[in-house]
Amino acid sequence: MIVTGSKSDYDLAIIGGGINGCGIARDAAGRGLRVFLCDRADLGSGTSSASTKLIHGGLRYLEHYDFRLVREALMEREVLWGIAPHIIWPLRFVLPHHRKLRPAWLLRFGLFLYDHLGGRKRLPPTRTLRLRSDPAGAVLKPDFTRGFEYSDCWVEDSRLVVLNARDAANRGAVVAPRTACVAAERADGLWNLALRDETTGQRQTIRTRTLVNAAGPWVAEVARSVIRANIQAAVRLVQGSHIVVHKLYDHDSCYIFQNADGRIFFVIPYERDFTLIGTTDKDYTGDPSDARAGDTEIDYLLRATAEYLREPVTRDMVVWSYSGVRALFDDGSSAPQQATRDYVLKLDAPPGAPALLSVFGGKITTYRRLAESALALLHPHLPAVSKRPAGWTGREKLPGGDFPADKFEPRLTAARTRYPFVPEATLRRLFRAYGTEIGRLLGNATCYADLGRDFGAGLTEAELRYLMDTEWARTAADVVWRRTKLGLRLCAAEIASIDDAMRGLRQEGLAAE
């Protein structure tokens, strides 16, 4: 429920329910601040759900001398793995040496820095591979004989967003997806925010001491049309697209491939039965909501993989594609892939007026550190309350992640013992998504029928209810493309039936009230 009525309803309001906005909300709520977050759409429905889904330092950023960014990101890998071991886990990446591109000594030197720059403790180090004998070389063309293998991590990106929002809400924040901030103005030392419920059309106003514009690729639009602020920073919109095909190989390693144009892209095992290929870098000028993986970008990825793989990936093999737009700080780079991925925070706090903080850029890997930096800048404009010191978000677990990072399999075994009637693939997916919250989802069920209707691919009514009750899901798209990726396994009719069921459950909930 949105709180109104006091002189200052909130200490901090955030426009934007992506990873940066939700990360700031979690950190601020945990320090005892009154927090409000809104997004005109679903949580994580923009850039944050269209990433390559990696927690990584960004090996290629070393070439652009972004040492601060790389070091911070490398340090965050094991921190994030530790607080969310159900949705984050280690991966090994194979980098083949391409004789016509970067020399082997340069790759090895870069990987040496990558191993030592960020205080790696638990992730395995780099090793050299003989691709003619190593299993990783089997899918590559025979002229690739040498390679290197290093570590990074995987993340279920949309779930990371939702879990930060859930933790913020658990600590007192008001989280309002599908709520647009249509106007914001300074008055009497506070921000007055006019809000519109995008489902009902209902309007109301709240007041807050400080305001954060974390609208991602819409940051400039929000500044111009909602806040009417003249932000002193240039925004560069860069589109990144991915394609998904059926599984290309059986082992668990990923590949990072170099292109002659200076870009890199990844080939990654995805959702057990698929392979993810991406990303591209392309300047974008349209509405970020309309971003799609076009023929040019798909063809680019297909040509790029053909340079490395024995068996080419063809257009008819593509089962899904997605595209997102990053709002990067425009540092004047000539090429999109050279633009900095570091975050830039701009504070506007005229004397006697409430503060505005605008967020530009950032990587999903560094969202937590971005949040700490944001609150440090806003500190002089916020009340002196602090339940927890800065850095607490790297120590306290996200919902469902309250087990040691190396104990995923034992905890899964315990869940299997408790719920032996759930099919193995479904149980593993559920534990990967919800961790120790699986008990809350499955409850006291003693047989599969107790979970209600199965909508396909192991998605049951019990899971739908859980997502609607605890994770703000309202449509089938929220469920099958963000909180899960079951859209890859469901047909259009099955997805439509989920929408119908969710409408029925909403009506059931309204009747109960």
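Read-outs: derived from the displayed coordinates by stated rules, not from any lab. Nothing here was measured: the structure is a model prediction, and the numbers come from that model. Heads up, the Cβs are rebuilt from the backbone with ideal geometry, glycines too, and the neighbour counts pull from every protein chain shown.
At a 10 angstrom cut-off on C-beta neighbours, averaged per residue, how do the peptides 259-266, 491-498 rank from highest to lowest?
Listed from highest to lowest mean packing, they are 259-266, 491-498.
Counting Lys and Arg as +1 and Asp and Glu as -1, each charge on the Cβ, what is the dipole of the chain about the Cα centre in debye, to the nearest 20?
Dipole magnitude for the chain comes out near 1240 debye.
Check every DSSP H run in the chain and write down those whose alpha carbon atoms cover 27 angstrom or more along the long axis and whose mean Kyte-Doolittle hydropathy is 0.0 or greater.
Answer set is 492-512.
Run the helix sum for the chain: -39,500 (n - 2.57) per DSSP H stretch of 4+ residues, divided by residue count, reported at 222 nm to the nearest 500 deg cm²/dmol.
-8500 deg cm²/dmol
First select every other residue whose beta carbon is under 14 angstrom from the beta carbon of ARG99; then total the charges, Lys and Arg +1, Asp and Glu -1.
+2
Please report the antiparallel percentage of the DSSP beta bridges confined to the chain, to the nearest 5.
Close to 75 percent.
Among VAL313, VAL182, VAL139, rank each residue by its count of other Cβ atoms within 10 Å, from fewest to most, as a rough exposure measure.
Fewest-to-most Cβ neighbours within 10 Å comes out as VAL182, VAL139, VAL313.
Filter the cross-link list LYS346/LYS485; LYS121/LYS397; LYS121/LYS485; LYS53/LYS121; LYS141/LYS247; LYS363/LYS387 down to pairs whose alpha-carbon distance in this structure exceeds 29 Å.
Correct reply: LYS346/LYS485; LYS121/LYS485.
Near GLY487, within a Cβ-to-Cβ distance under 13 Å, what is the net charge of the other residues, with Lys and Arg +1 and Asp and Glu -1?
Summing Lys/Arg as +1 and Asp/Glu as -1 gives 0.
Give the calculated FRET efficiency between PHE67 and GLU185 to the nearest 0.05, with a Förster radius of 41 Å applied to their Cβ-Cβ distance.
After rounding to 0.05, the efficiency reads 0.50.
Taking H placed 1.01 Å from N in the peptide plane, check which residues at least 5 places from ILE55 or on another chain put their amide H under 5 Å from its amide H.
Placed amide hydrogens put CYS153, TRP154, VAL155 under 5 Å from ILE55.
Tell me, what HN-Hα J-couplings in whole Hz come from the Karplus equation 6.51 cos²θ - 1.76 cosθ + 1.60 at θ = phi - 60° for each residue of segment 126-143, using x for Gly and Pro?
Here the 3J(HN,Hα) series is 5, 9, 8, 10, 9, 5, 6, 10, 7, x, 5, x, 5, 8, 8, 5, x, 6 Hz.
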